[in-house]
Structures are given as structure tokens and as C-alpha cells.
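The values are calculated or read from the model by the stated rules, or taken from the named source; none is laboratory data. For clarity, every value in this text was computed on a predicted model and none was experimentally measured. Here the Cβ is made from the backbone with ideal geometry for all residues, glycine too, and neighbour counts use every protein chain on show. The protein model used for the area step is the full one, side chains on, heavy atoms only, and it has no ligands, DNA or RNA in it. Shrake-Rupley method; radii C 1.70, N 1.55, O 1.52, S 1.80 Å.
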Amino acid sequence: MFKKSLVLSACLCGLFLTACGTAKPTDTKSMSQTTTQTKGADQGIEASQGESSPQSVVEGEKAPELKLVDKDGKEVSLADYAGKKVYINFWASWCKPCLAEMPHLEKVYQKYKDNKDYAFLSVTSPKDAKFNNAYALDEDQETIMATAKKAGVTYPVLFDQKDTAILSYGLRAFPTHVFINSDGSVNKVFSGELSQETLEVGLKGLQ
């Protein structure tokens, strides 16, 4: 039986999971370290970011701005959703937990897509040169979209550019989930495969 208290406890403690599902406890306050999760032989290694240090995403503080691009090349920013309750799913096409949770995310999206109070976004870091991601953590746009289509995803898939998401949100693992209140403050942020019930609890908890 699903135990919400355990999930919320893990969120509060900052329990991060690697892309291959190996538990790696990490304090959310230390996300400013110069490492980020990237694809490797075991799909769960960390690589140095050199001089570019990811920032921390702190619950209760204002969510960092995002400058993204949709599949048609249209620019999209977090500011476009001002006043809405926003859920962001950061993922990668090679990440098994990301793929496993997609059907759950899609079911919840179908429930909320017509609710104007909510915005449901997914973000990847493609390696195509046009996106200017020096630390690209995913495959090319074509591969990403093919993966989403195969999984039956209809929710918006957006692409990071100039490493905005990686650095601003201090991404260290996939999938990572960020819940943002209508006033722009971060409600919850945690990593690991998400169930349908957990996602709905998170959305209902937004203010």
C-alpha cells in the first residue's frame, strides 16, 4: 500500500536517486557543488561542471527563471505561466526511471490539461548544436521526441538552451520533479521515479 508519509519524508530529506535507480542520499542544500548527473556507461555517474556551478533550488524561495524552446522552435519561459501552479519534470531519454514513470505522468496530465490553474511541463537537455548546451545531458531532439512518442506522451516536451535549466536548478539526477506555487515560490523539489498518486498529491499541495 502506498505510504504518502514515507514519500514526503524522502522529499524533505532530499533523497536523490540516480538515473539507474541507485539510492544516493544528498542534502538539497549542497546542490551548489560543481557536479551534475550525466549519461555514462552505468547511466548513473556524476561529471564535473568545471567553473559553472549549479545553483540551489530552495523550497519556499522563488523558482529560477527558465528559457526553453518547444519542439517547433518557439521560445517558452517560466514567466509565461505566472499565476499558475506549475509542475516541471526534468528527464532524459536514456533514463530508465524516467521512462517508467511516463505513463503515470500522462494519466495525471490528462486529468489536469484543461485546468487553467495548472501548467504541466517536461524538460530535457538535448545535445543538438542549435540549443547551445555545453553540458547537454540527453540525446538529440529527434531521439528525444521519438522516445516521448513511443511512450505515448502528449504533455509538452521542452528543451533547455544554454544550460539554463541544468545550472539554475542544480540538476543532479533524473528524473527530478519541481512543484511551483502560483506565486512563483518552490513548493517541493525531489528526484526519483514518481507514481501517479504521488504526483497528484504534489499537485494538490500547490498553493
For this session: Can you confirm whether segment 33-45 contains a residue that is assigned to a loop (DSSP other than H, G, I, E, B) and modelled with pLDDT of 95 or more?
Result: no
For this session: Could you grab the pairs with beta carbons closer than 8 Å, sequence gap of 6+ or different chains, first residue in segment 181-194 and under 14 Å from GLY205 (Cβ atoms), second one open to solvent by 20 Å² or more (accessible area, probe 1.4 Å) and among the aliphatic types (A, V, I, L, M)?
Result: VAL186/VAL58; PHE190/ALA10; PHE190/LEU15
Problem set entry | Which numbered condition ALA134 misses (of (1) crowded, with 17+ Cβ neighbours inside 10 Å; (2) within 16 Å of LEU68 (Cα to Cα); (3) touching a residue at least 40 places away in the same chain (Cβ under 8 Å)) | (1)
Seminar exercise, completed: Subset of segment 134-156, residues of a type outside the set (A, V, I, L, M, F, W, C) and assigned to a loop (DSSP other than H, G, I, E, B), comes to TYR135, ASP138, GLU139, ASP140, GLY152, THR154, TYR155, PRO156
For this session: Go through the residues of segment 93-108 one by one and say whether even a single one is hydroxyl-bearing (Ser, Thr, Tyr), closer than 22 Å to GLY205 by Cβ and in contact with a helix residue (DSSP H, G or I) (Cβ under 8 Å, 6 or more places away or on another chain).
Result: no
For this session: Collect the residues in segment 107-133 that are in a loop (DSSP other than H, G, I, E, B) and closer than 25 Å to ALA82 by Cβ, keeping them in residue-number order.
Result: LYS113, ASP114, ASN115, LYS116, ASP117, SER125
For this session: Being of a type in the set (Gly, Ala, Ser) and without any contact (Cβ under 8 Å) to a residue 60 or more places away in the chain narrows it down to one of ALA92, ALA165, ALA119, so name that one.
Result: ALA119
Seminar exercise, completed: The residue that is modelled with the lowest pLDDT, considering only those in segment 183-207 that are over 21 Å from LYS67 (Cβ atoms) and in a loop (DSSP other than H, G, I, E, B), is LEU194
Exercise. Could you say which residue among ASP163, ASP140 is surrounded by 15 or more Cβ atoms within 10 Å (Cβ to Cβ), more than 25 Å from GLY184 (Cα to Cα) and charged (D, E, K, R)?
Worked result: ASP140
